[in-house]
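The values are calculated or read from the model by the stated rules, or taken from the named source; none is laboratory data. Please read these numbers as outputs of a predicted model, since none were measured by experiment. Heads up, the Cβs are rebuilt from the backbone with ideal geometry, glycines too, and the neighbour counts pull from every protein chain shown.
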Amino acid sequence: MIIQKIDITFLGIFVQRGCYNVGMARLTYDDLIKKHLEILKSLQVKSGLFLASNKEAETGYDKPWLRDNFYETIAFEVIGDWKTVEKTYRAILNIFLKHEEKIDWAIKEKPRESYKYIHARFHPETFDEFWESWGNKQNDAVGCILFRIGELENNKKRSIIKTKDHIRIVNKLVKYLAAIEYWHDEDSGMWEEGEELHASSVGACVAGLRSVSKLAHIEVPVSLIRKGEKALDALLPRESGKKFVDLALLSLIWPYDVVSQEERDEILENVEYHLLKERGVVRYKGDKYFNKNEDEVSEEAVWTFGLSWLAIIYEKMGEEDKALDLIQDLIAIDTPKGMPELYFSNSPEYNVNTPLGWSESLFIIALYEMNERKQESVSKK
């Protein structure tokens, strides 16, 4: 805890008071980034996929998720480690190719059972699906992968789609989203729970389709995007019929950027007013996952990556003071094992899913971008 207090002093006093000491503050950032990159890298297996948490996790988190890999690799994009990113996405494309027949069946006839959908978790080496029930119907997991493939090809100039097989399977993923009618298809969403029409899932698919529509050889009907945009407009600012505010809505601001400025501000206001806590962000009101109370009604757990998510958004909005406050809070809750999935409400205790790869990645991104911004500011003086 002494080290954490020193980190906060460096970040808080030296930066906020305008006494930005390049050597001291940069060392602090670099040390933190190095530590968490090593932790995150330790979650990558030979195939290129990242596990959600450590290999010893007995909670089921010793497996790769499509969505988690999407977020886990962004940290490596930010630091320019394209070898790691490309290896992961080659593995993801190989997953879809392995299950191409299942995708073909879904395209031919809209699935009526959740097990007929593309699953969100796969074996890290064989790429087989895990068949046990785990909210397998998660449309945003497909949308986010399409989004990143398009972003990497277009904006980062990385060659992800390298073969005719890749072109074919990406086109089939587009047809898959059309076949399941994603714009009004109820799924388990980001939190893998009850099936509803989720704004975060629809938004991920809209972002994915927009992104790959810019690629040569990928055919995306304009009407397919428009249907999602219309559905999203009808849902916002709610996450779903049952959830007024939800941490998952932050994804529509970053990384997807599918909301207007007015919608962005409303989402941020709602999340901060209703869900933001000292050690993290509640996923949604009434969340029972790792609920500390016996009644399972109150005391929702707080997710650490919620703080990183908000910090990243505020950094991109140019609101450095807000971002810095959040980063200070993150440093205070860091652990020797890395960033936890969550802390129990009003408690210094964190759960067993530590480190969580997703949390590691977002923390690295928040730290790295703040450091880069400060370095640019110093160089201009």
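Using the structure shown, decide if residue 156 is closer than 21 Å to residue 206 by Cα and either surrounded by fewer than 16 Cβ atoms within 10 Å (Cβ to Cβ) or not assigned by TED's automatic domain parsing to the domain that holds residue 216 (or both).
yes
Output the residues belonging to segment 292-343 that are on the phi > 0 side of the Ramachandran plot and either in contact with a strand residue (DSSP E or B) (Cβ under 9 Å, 6 or more places away or on another chain) or free of Cβ contacts under 8 Å to residues at least 12 places away in the same chain (or both).
296, 318
Can residue 316 be described as surrounded by fewer than 16 Cβ atoms within 10 Å (Cβ to Cβ), touching a Ser or Thr at 6+ places or on another chain (Cβ under 9 Å) and basic (Lys, Arg)?
The answer is no for residue 316.
Identify, from the list 68, 81, the residue that is over 15 Å from residue 141 (Cβ atoms) and at pLDDT 95 or above.
The conditions single out 81.
Scan 352, 378 and give me the residue that is assigned by TED's automatic domain parsing to the domain that holds residue 305, within 30 Å of residue 293 (Cβ to Cβ) and either modelled with pLDDT of 95 or more or not small (Gly, Ala, Ser) (or both).
Testing whether each residue is assigned by TED's automatic domain parsing to the domain that holds residue 305, within 30 Å of residue 293 (Cβ to Cβ) and either modelled with pLDDT of 95 or more or not small (Gly, Ala, Ser) (or both) leaves just 352.
If you check every pair at least six apart or on different chains, which have Cβ atoms under 9 Å apart with a residue in segment 67-80 that is surrounded by fewer than 23 Cβ atoms within 10 Å (Cβ to Cβ) first and a residue that is outside any helix (DSSP H, G or I) and of a type in the set (Lys, Arg) second?
Every condition considered, the pairs that remain are 77/156; 77/158.
In segment 30-146, which helices (runs of 4 or more DSSP H) lie fully inside it and hold 3 or more residues that are of a type outside the set (Gly, Ala, Ser) and under 19 Å from residue 354 (Cα atoms)?
By residue number, 66-79.
Cβ-Cβ under 8 Å, sequence separation 6+ or interchain: first residue in segment 249-267 and surrounded by fewer than 16 Cβ atoms within 10 Å (Cβ to Cβ), partner modelled with pLDDT of 95 or more. Which pairs?
257/207
Quick check, is residue 98 within 24 Å of residue 192 (Cβ to Cβ) and more than 20 Å from the chain's Cα centre (by Cα)?
Here the answer is yes, as residue 98 does meet what is asked.
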